[in-house]
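Notes to accompany the following structure.
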Amino acid sequence: MPAQPDRRRLVLSGLSAAVWLTSGTSALRAQPILSPESLMSKTPAPKPAKIPVTTEQLGVSRTDDYQWMKDDNWQAVLRDPALIKADVKSHLTLENSYTKALLEPTEALQKTIFEEIKARVKEDDSSVPAPDGPWEYYSRYAIGAQHPIHARKPRTKTHISRETVPFASVPADEQILLDEDAAAKAHDYYQTGASSHSPDHKLYAWAEDTQGSEVYRIFIKDISTGQLIGTPVESTAGSFVFSPDSQWIFWVYRDDNGRPSKIFRRAVTGSEDTLVFEEKDPGFFASVGLTSSDAYIVVSSGNHETSEVRLTPSDALTSAPFVVQPRQEGLQYSLDHWGHRFVILTNADEAIDFKLMTSDAAIPSRDTWQTLTPHRPGIYITGVSLYKNHLVRSERENANSRLVVVRKSDLSEHNIEVSEEAYALGEGGSLEFDTTVIRYVYTSPTTPSQTFDYDVETREKVLRKTQVIPSGHDASAYVAKRLYAKASDGEDVPITVLMKRDTPLDGSAPLLLYGYGSYGITIDPTFSVRSLSLVNRGWIYAIAHIRGGAEKGYGWFLDGRKFNKTNTFTDFIACAEHLTANGYGSKGRIVGYGGSAGGMLIGAVANMRPDLWGGLIGAVPFVDVLNTMSDTTLPLTPPEWPEWGNPLEDKAAYDYIASYSPYDNITAQAYPPILATGGLSDPRVTYWEPMKWIAKLRDYSTSGAPQLLKINMEAGHGGASGRFDYLKEVAFDYAFAIWALEKGWENPS
């Protein structure tokens, strides 16, 4: 359950080339490997207790042997993992030890892959400075640092900078705003949420989470003195905005059920909070922002189908926000302010792929909206950014993205063009409203990311930064392709493929197939320093752009949610079959990989077609769908009933979820090797979901292949917080994938 990129919603990037292994899995062949039988006999799998718990729901009875794994005091455990029940902790410790022992032969490979990926990361990397008034703001890493430094320097005077790198060395006139790496040294886990300077450039604020539970504290400091002011804001969701006059922060409260339910206002020098808005519906989440023009504070509330916006004028910050358009089931809208008018992005009037509308009214209610960009079926408007004299519209069509620039004075427009077959293009944003220079980022599976500054009037384009790959990268050695699989109902499902140019297409290459397919989240075909560690070993890396995502428009999302959810799973299977039919791998030599809601996908296809896979990886997998969507205390359950259905009140929803919920559909069949990972402090996919899933898989699998669980006892949904510690987790997953195919676990099916 959700996107921050989060892996479930989302999901939202080494030594030198001399250590790269160029074929097959020779890293494993170079060391003695125990036979499967020896491994399993030397290290028996943990056998958790079975304590049957029977639930009666809508006239249906179901029994769960592993319900005890859920700590009833889970809210407290999220804030303090030391409070976990002793029996649960004991079993998790056994599971981690078992996984470590079974995968001990891959430890050298894990280290090699980690060093490879790390060698592709520029350790002292920095962002392109973003101008704002007299300063340019940026972040940078010190060599060896796990976390970034946030800083600023005096602004350069050029209209559009021609620096092709952010800067060659640390500026002598740099001011450090926040050193995350220094702050992180006192904690096992450290992650920031929102961070921002005040509009008057005198203050800096940030939200930090030291558990992985996504419960943040907000700190504010005086930049000139470096001293904290006021008292920390407690129990926040990690998001806030400064008021345009720099006197207040508006922040989001996270309640005991982990839901962002209230908006408060606090004077930057104070400790008293004033309630601005409270969302009473547990199915709606609240958020706060600021219009591009700085004219209004924006308080938004919504779920996956319905939204509602309130505005507070910046010249009346202590007044109560007024409602723009009262919530109406199925109506989604967001808005921004463009000088004398509002711009609204909405699905009103059955605009499935959304349209842009405007309003000149002081209260821009639905009856005042006029069409700016009409609905065009199949062209999904994913976002809009406003500047004083221009608008930039982000669109998606047939799994590729584009940017459209609109001039305010005459509404003329032009596209920012690209040419590759599969790519990702996104606006980089700006801290300034009154500018003609926008920033965008371009990347593809073979092209490291490139950051451009673009003058929307002159159309002058300057490359500001190209992602540096210290160990070297020859784009011509790789090929990226866009393929299409035919789904069971005739739909064409896009697939992005990355491979070495000389990889044979005769079925001999191992294949990793990644998928997500939920919440309308798009998995863009971007450059990845991680996937190259498989591709350089002769693997084919493929992304299945399945329904439930929005790669082909919002309708693509609707066709993979709620009562259409099984399309997500059958699309993934169709992609695997299309790839193998055309020589991109072979049956039983595919590793399926998905995280969060993508982990649900992995659990579902494991049940539906276990014979296809040589291995499966479910990262923080949402697999206990029926139980989770029936538990109203969990953070994301009520807000996600529009996504999955409400099995507490709707018998049809209960039956449909029960028909695919991975945990509930495990049967006696030959499952491939499966790795499930999770985090003890995860509020989105709680630790007991992968824990229960693996326990039940072991009960039913007839193959003898291992079912492994690895729980990070010091992290949440996103895994380890440090950039290098996270890469170690990726290396672990990839080593498992190689090991699973290398072992050749026989599948009786």
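The values are calculated or read from the model by the stated rules, or taken from the named source; none is laboratory data. Small disclaimer: the values here were computed from a predicted structure and weren't measured. For neighbour counting, all protein chains shown are included, and Cβ atoms are generated from backbone atoms with ideal geometry for every residue, glycine included.
Would you say S235 is more than 27 Å from F433 (Cβ to Cβ), surrounded by fewer than 19 Cβ atoms within 10 Å (Cβ to Cβ) and touching a Lys or Arg at 6+ places or on another chain (Cβ under 6 Å)? Criteria met by S235. Scanning for something modelled with pLDDT under 95, closer than 21 Å to F724 by Cβ, out of contact with any strand residue (DSSP E or B) (no Cβ under 9 Å at 6 or more places or on another chain) and not hydrophobic (A, V, I, L, M, F, W, C), does the stretch 163-185 turn up at least one residue? Checked the stretch 163-185: at least one residue is modelled with pLDDT under 95, closer than 21 Å to F724 by Cβ, out of contact with any strand residue (DSSP E or B) (no Cβ under 9 Å at 6 or more places or on another chain) and not hydrophobic (A, V, I, L, M, F, W, C). The C-beta contact set for the stretch 408-423 (first residue loosely packed, with under 14 Cβ neighbours inside 10 Å, second residue assigned to a loop (DSSP other than H, G, I, E, B), distance under 8 angstrom, 6+ apart or interchain) comprises S409/N389; H414/R459. Consider only pairs whose beta carbons are under 7 Å apart and that are at least six residues apart or on different chains; among these, list those whose first residue lies in the stretch 628-643 and is farther than 19 Å from G549 by Cβ and whose second residue is assigned to a loop (DSSP other than H, G, I, E, B) and acidic (D, E). These pairs meet every condition: T637/D631.
Here is the figure for the stretch 280-316: residues that are over 25 Å from the mean Cα position of the chain (by Cα), more than 15 Å from P642 (Cα to Cα) and not hydroxyl-bearing (S, T, Y) total 9. Scanning the stretch 669-723 for residues that are closer than 18 Å to W74 by Cα and hydrophobic (A, V, I, L, M, F, W, C) gives L680, V685, W688, M691, I711, M713, A715.
Being aliphatic (A, V, I, L, M) and assigned to a loop (DSSP other than H, G, I, E, B) narrows it down to one of A316, A286, so name that one.
Of A316, A286, the one residue that is aliphatic (A, V, I, L, M) and assigned to a loop (DSSP other than H, G, I, E, B) is A316.
Yes/no matrix, rows are residues, columns are (1) within 21 Å of G426 (Cβ to Cβ); (2) at pLDDT 95 or above; (3) of a type in the set (D, E):
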| position | (1), (2), (3) |
| --- | --- |
| A361 | no, yes, no |
| T368 | no, yes, no |
| T371 | no, yes, no |
| T382 | yes, yes, no |
| S385 | yes, yes, no |
| N389 | no, yes, no |
| R393 | yes, yes, no |
| N400 | yes, no, no |
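Name every residue in the stretch 364-395 that is among the hydrophobic types (A, V, I, L, M, F, W, C) and farther than 19 Å from D294 by Cβ, in order of residue number. Within the stretch 364-395, W369, L372, I379, I381 qualify. Within the stretch 700-739, being in contact with an Asp or Glu (Cβ under 8 Å, 6 or more places away or on another chain), within 17 Å of A184 (Cβ to Cβ) and at pLDDT 90 or above holds for one residue alone: N712. The lone criterion from (1) in contact with a His (Cβ under 7 Å, 6 or more places away or on another chain); (2) surrounded by fewer than 15 Cβ atoms within 10 Å (Cβ to Cβ); (3) acidic (D, E); (4) farther than 20 Å from A295 by Cβ left unmet by D360 is number (4).
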